[in-house]
1. Do you know which residues across the stretch B:116-137 are over 14 Å from B:Ser38 (Cα atoms), open to solvent by less than 40 Å² (accessible area, probe 1.4 Å) and polar (S, T, N, Q)?
2. Search the stretch B:89-105 for residues being hydrophobic (A, V, I, L, M, F, W, C) and open to solvent by less than 30 Å² (accessible area, probe 1.4 Å), and hand back the single one that is farthest from the chain's Cα centre (by Cα).
3. Which condition does B:Asp152 not pass, out of (1) surrounded by fewer than 21 Cβ atoms within 10 Å (Cβ to Cβ); (2) of a type in the set (Asp, Glu); (3) within 19 Å of the chain's Cα centre (by Cα), if it passes all the others?
4. Collect the residues in the stretch A:155-166 that are more than 11 Å from chain B (Cβ to nearest Cβ), more than 22 Å from A:Arg119 (Cα to Cα) and either in a strand (DSSP E or B) or open to solvent by 30 Å² or more (accessible area, probe 1.4 Å) (or both), keeping them in residue-number order.
5. Within the stretch A:167-272, which helices (runs of 4 or more DSSP H) (wholly inside it) include 2 or more residues that are away from chain B (no Cβ under 14 Å)?
6. Is there a residue in the stretch A:218-227 that is over 23 Å from the mean Cα position of the chain (by Cα) and surrounded by fewer than 22 Cβ atoms within 10 Å (Cβ to Cβ)?
7. Could you tell me which of the residues B:Ala93, B:Ala60, B:Ala82, B:Ala97 is touching a strand residue (DSSP E or B) at 6+ places or on another chain (Cβ under 7 Å), over 21 Å from B:Gly265 (Cβ atoms) and modelled with pLDDT of 95 or more?
8. Name the residue, out of B:Ala187, B:Ala228, B:Ala174, B:Ala170, that is touching a His at 6+ places or on another chain (Cβ under 7 Å), closer than 20 Å to B:Glu115 by Cα and not acidic (Asp, Glu).
2 protein chains.
Amino acid sequence: MTETYVHGYHPRENERLQDQAGTLVELLHSDTSYPSGSLVLEAGCGVGAQTVTLAQRSPAARFTSIDVSADSVAEAKRVTDAAGLTNVRFQQADIFALPFAPESFDHVFVCFVLEHLTRPVEALAILNGLLRPGGTMTVIEGDHGSTYFHPDSVSAQMAIQCQVELQRLAGGNALIGRQVYPLMVEAGLDAVHVSPRMVYVDSSRPDLVDGFTRKTFTAMIEGVRQSAIEAGITEPGAFDAGVRDLYRTAETDGVFCYTFFKGVGEKGRKPA
Amino acid sequence: MTETYVHGYHPRENERLQDQAGTLVELLHSDTSYPSGSLVLEAGCGVGAQTVTLAQRSPAARFTSIDVSADSVAEAKRVTDAAGLTNVRFQQADIFALPFAPESFDHVFVCFVLEHLTRPVEALAILNGLLRPGGTMTVIEGDHGSTYFHPDSVSAQMAIQCQVELQRLAGGNALIGRQVYPLMVEAGLDAVHVSPRMVYVDSSRPDLVDGFTRKTFTAMIEGVRQSAIEAGITEPGAFDAGVRDLYRTAETDGVFCYTFFKGVGEKGRKPA
C-alpha cells in the first residue's frame, strides 16, 4: 500500500528540509552512532536530509536507505554522493512491502516518517521483523501540539492547526511525537526509552531564531497556505495573519517552543 | 499592594506542593547553589517547599525567605526547622514593599511567584534593585500551555483551561513560563539565560506517573473544581470528565508532558 505524503516533494521544500536538518543535527542525532560493520536500515529517507548525518557519524556502518518515492531516493543519492559518502546504498521501496529477509538488519532508523502513515504501529512491527534479536530501532518524530510561543496568538494557533488538519486529511498525524513510546511498545519493541528534544528559542539564540522559528517551522506552515485555502480549511486573510504572528515570535521579545521525541527500543531476544 | 493568590493556602494544598517539590527537585534545582557566606533573598517562599532544598544545597549561604502571607511564612519556618536548617531567616513581607536596602543581597531566587502577580516586570525590577552589581537572579515558572498528553482530550484541555482562567481572574498568568526571558530582560537583568525543564512522563517512569501526572498536575487541576464551578467557568460533569481524562494519561499507554522554565540573569555592573 502506498501512503500519502504531505511534504518533501518540491525543490524549495527540499531546501527547507535540508536547513531543518542542519539546525537540528546536534539536538536529534548527536547520540546516534552505529558500530563498525553493522547493517542499518533507514526507512523513509526522503531527500536524504538525515542520511548524510547518519552516514557521516557512523562511517564504518553500512546503510540501506529506502523511500517510497523514486524521486526522493534520487535526490538523496545526489546529496550523499555530493558529501562523498560511500557507505549508503539506496533503494526505492514501500515500508509495507519491503524486499528484505527477516532479521537481516542490526539497526533500524525511522525519522519523520510515522507522521505520514495511516498505520504507524503496523509499519513499526514490520520493521521490527527485519531486526536481528538484540538489534535496536530508533524513531524520531515531531509534535505540532508541542508548539507554543510568545506573544501568544489565536491566529497563529489556527494557522498551525491548518497543517495538522491537512496532514490528518492525508492520513497522517502531526501530533504523533507524544505517541512514540506507546507506538513502539505496541509494535513489540522491548526496553523502549523515549527522550524529548525540546527546541527553545529566544533572542539570545539568534541561530535558532533564524534557523528554526523562521526558516523551519514558520516556513513549513507558510508552505501549506495554498493547500489549506483550497481545502477550505482557512481563508487567505486569516491564514496570513497567523503566519505574521508566527514571524512576530522571532522578534526581540519573542519566544518559540517546539519538541521532538526520540525513542530507542530493542528487538527482544525471543521471537516476537 | 497585596497580590491575590490562587493556591498554596490550605493544608491539603501544602501537602501537594511539598510532593511536587520532592518530585521536581533534581530537574529544577540541581544546578542552583550559592557560595559560602553569600546573602540570598528568596522572594515568595510560600510554605517552604523550595526553601528546604535551597538551604540544604547551599549550607554555607545565608537565606532570607519572605512571603506576603504570614501563615505561609509560619509553615515554611516549621518545615525548615523540622529539617534542622539554621541558615534561613523568615520574614513576612510584600515584594512590592520590601524592607531591605538597595544592593543588599548577592543573589535573588524567585520560584512559582510571578505567575500570581499582576505586575511581574515591576516585581523583578524591584528585586533587581536589591541585588549588588554582579549578583544573580534566578526565576523559575511553569507554563500550563506547555501541557499536552496522550490520549489527547478536549475535556482535559478544558479542565486545565479552568485553572488558567481562574488564575487570570485573580490577576495572575498560568502561561507565564514561556515569558521568563522577555520579563527578565525587560526588568533590566543582563546576560539572561533561560533553560526549559521538560517533565516527560510515560509508563517506563512510574515515579513520575505517580508523583507528577497524578499527584502534582492532575491533583492541582482537581483542586480548582469548586472554584471553577462557582465562578461559572465550567459545570460539574464537564470538569469531572476532564479530570478523568487527565488520570487516563497516567495509564500504561499514556504520556504526559509539562515544561518549567528557569532563567538566570545578572545585575549589571553599571547602575540600572
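The values are calculated or read from the model by the stated rules, or taken from the named source; none is laboratory data. Only a predicted model underlies this, so the values are computations on that prediction, with no experimental measurement involved. With ideal geometry, Cβ positions are generated from the backbone for all residues, glycine too; neighbour counts draw on all protein chains shown. To get the accessible areas, we keep the full protein, side chains included, count just its heavy atoms, and leave off ligands, DNA and RNA. Shrake-Rupley method; radii C 1.70, N 1.55, O 1.52, S 1.80 Å.
1. Selection gives B:Asn128 alone.
2. For the stretch B:89-105, the residue satisfying everything is B:Phe105.
3. Every listed condition holds for B:Asp152 apart from (3).
4. Result: A:Ser155, A:Met158.
5. Working: elements: A:180-186, A:219-222, A:225-230, A:236-248.
Once the helices (runs of 4 or more DSSP H) in the stretch A:167-272 are filtered for at least 2 residues that are away from chain B (no Cβ under 14 Å), what remains is A:219-222, A:225-230, A:236-248.
6. Taking every residue of the stretch A:218-227 in turn, none turns out to be over 23 Å from the mean Cα position of the chain (by Cα) and surrounded by fewer than 22 Cβ atoms within 10 Å (Cβ to Cβ).
7. On the way: B:Ala60 fails: touching a strand residue (DSSP E or B) at 6+ places or on another chain (Cβ under 7 Å); B:Ala82 fails: touching a strand residue (DSSP E or B) at 6+ places or on another chain (Cβ under 7 Å); B:Ala97 fails: touching a strand residue (DSSP E or B) at 6+ places or on another chain (Cβ under 7 Å).
Unique residue meeting the criteria: B:Ala93.
8. On the way: B:Ala187 fails: touching a His at 6+ places or on another chain (Cβ under 7 Å); B:Ala228 fails: touching a His at 6+ places or on another chain (Cβ under 7 Å); B:Ala170 fails: touching a His at 6+ places or on another chain (Cβ under 7 Å).
On inspection, the qualifying residue turns out to be B:Ala174.
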